[in-house]
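Below are the structure tokens for one structure; questions will follow.
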Amino acid sequence: MEEKMRKKLPIGIESFEKIRADNFYYIDKTGMIRDLLLNWGEVNLFTRPRRFGKSLNMSMLKNFFEIGCRSEFFDGLAIVKETELCEKYMGKFPVVSVSLKGVNGNDYETARSMMCTVIGGEAMRFQFLAESEKLTDKEKALYDQMVLLIRNMFERVLKTNDNLYFAVLTGCLRVAKESIFTGLNNFNVLTITDVGFEEYFGFTDREVREMLEYYGLSGQYDTVKEWYDGYRFGNMDVYCPWDVICYCGRLRLNPKAQPESYWSNTSSNAVIRRFLESARSTTKQEIERLISGESIVKAVRQELTYKEMYDSPDNIWSVLFTTGYLTRRGESEGNKLRLAIPNKEIRMIFEEQISEWFQETARKDGEALKQIDERRYTELLRDDGMEKILKYGIACYKKRCRVMMEEEYDSDPV
């Protein structure tokens, strides 16, 4: 196949409409529409790590259900085989679609202003309702206040709302009763460990093989699998789609391009770093075991909220799991999972970035201890107590010897 005839790779494109209209390569995930409708849940929540296609799937759902749907965008895709579902649902609903990932103000007022802008912008798409004969004058007057949806937005929209027909939410963390979704008990939650809908977030092995073959890159399959496969969603192994697309794009420009970590650069990773800065020595030892290829069994709380995330240092394993740094191996044992590093890309992140954070923290701790020692010596000298100085020096020496022995033991548990 001539290079100029191949479809473009959708690197960083999260709009289903743009992908289909501008002839980008699209891996068909429209079967998700069928499965959602046949396995009905009024409000559905999917939790997946970042860069696993959540935004693109939400855009795909919006384009399918929304009034004015361009049916040609779905030509040749799996959902059009479901003729009854298409006749009943395709292009039949006004769809409100809001993404909050851009609402990241450093204070409440800024965040509130950004959120009002997002919701207000979405409301502007529905100005046609003001002209609709289906609305009463009172309802039209209320429409002008749609920006106030920020107040108790989720409960009003997702539960106490007679006009709600169907809703889908996505995010990294599961919704818990203590979070901003307090009062909502009608969620159909589908987490990373749940069976069902696994193949709609991430690329399956078959989809990756087909994509590589399409671009004449089948010879790179083993490398792609080693670096970007290994995530376990429900009962299925999947690849990180962001990585596969980015590496394919690089290979098309340079057939000798080496794989690298694309996923880690899509976020600041500040949450992980904060955990590691306060990690215990046993945590460091367990991370070294993971880097060496072992797995560990840990309690994982998928219902964690952002507010309670830092309540316990043990929550690090839940965060590493839900954000994609670790994945499940084998079957779950209650809330305990056997965790492992999914692939070579993430192992490299652990070896380089996370190990560097540990070393940086150790250096800071050493400098702080040195400053404490020097300050204490000064205080003792001021009090003219040579005997106290000698005793304190011996105590510090013993303490440092003990720390060195513990570190040596931690680095070599055998």
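The values are calculated or read from the model by the stated rules, or taken from the named source; none is laboratory data. These figures come from a predicted structure and were not determined experimentally. Cβ coordinates were reconstructed from backbone atoms using ideal geometry, including for glycine residues, and neighbour counts include every protein chain displayed. Side chains are part of the model used for accessible areas, which takes the heavy atoms of the whole protein and leaves out ligands, DNA and RNA. Shrake-Rupley method; radii C 1.70, N 1.55, O 1.52, S 1.80 Å.
Provide the solvent-accessible area of PHE197, counting protein heavy atoms only and rolling a 1.4 Å probe, rounded to the nearest 10 Å².
It works out to around 20 Å².
If the limit is 25 Å between Cα atoms, which of LYS7/LYS92; LYS62/LYS88; LYS8/LYS344; LYS18/LYS344; LYS8/LYS256 go over it? Spell out each step's value before the answer.
Numbers: LYS7/LYS92 30 Å; LYS62/LYS88 15 Å; LYS8/LYS344 27 Å; LYS18/LYS344 32 Å; LYS8/LYS256 20 Å.
The pairs that break the limit, which is 25 Å between Cα atoms, are LYS7/LYS92; LYS8/LYS344; LYS18/LYS344.
Quick check: from the Cα gyration tensor, does segment 1-111 come out rounded (a/c under 1.5), prolate or oblate? Provide the component values of the computation, followed by the final result.
On the way: a/c = 1.94, a/b = 1.16, b/c = 1.67.
Verdict is oblate for segment 1-111.
Further question on the same structure: May I ask you to give the solvent-accessible area per residue for segment 1-71, in square angstrom, as obtained with a 1.4 angstrom probe? Intermediate values should be presented prior to the final figure.
Values: 3160 Å² over 71 residues.
That works out to 44 Å² for each residue.
Please list, in order along segment 253-264, the HN-Hα scalar couplings obtained from phi with the Karplus expression 6.51 cos²θ - 1.76 cosθ + 1.60 (θ = phi - 60°), rounded to whole Hz, x for Gly and Pro.
Values, residue by residue: 7, 9, x, 9, 4, 8, x, 8, 8, 8, 5, 5 Hz.
Do any trypsin sites (Lys or Arg not before Pro) in segment 1-66 lie in a loop, going by DSSP, with at most 16 other beta-carbon atoms within 10 Å of their beta carbon, and if so which?
Here the trypsin sites (Lys or Arg not before Pro) that fit, given the DSSP loop and packing criteria, are ARG6, LYS7, ARG50.
Still on this structure, please answer the following. Excluding ligands and nucleic acids, what accessible area in Å² is computed for MET114 using a 1.4 Å probe, to the nearest 10?
Accessible surface of MET114 is approximately 60 Å².
Give me the accessible area per residue for segment 208-263, probe 1.4 Å, as a whole number in Å².
Numbers: 2430 Å² over 56 residues.
That works out to 43 Å² per residue.
Considering only protein heavy atoms, with the full assembly of protein chains and a 1.4 angstrom probe, order LYS336, LYS298 by accessible area, largest first. Write out the running numbers ahead of the final one.
Working: LYS336 100, LYS298 40 Å².
Largest accessible area first, the residues go LYS336, LYS298.
Can you put TRP317, TRP40 in order of accessible area, largest first, using a 1.4 Å probe? Walk me through the numbers on the way to the answer.
Numbers: TRP317 5, TRP40 115 Å².
Descending order: TRP40, TRP317.
Show ARG70, ARG328 ordered by accessible area, largest first, where the area counts protein heavy atoms only and the probe is 1.4 Å. Don't skip to the end; give the middle numbers.
On the way: ARG70 115, ARG328 10 Å².
The ranking, largest first, comes out as ARG70, ARG328.
Can you give me the solvent accessible area of ASP75 with a 1.4 Å probe, rounded to the nearest 10 Å²?
90 Å²
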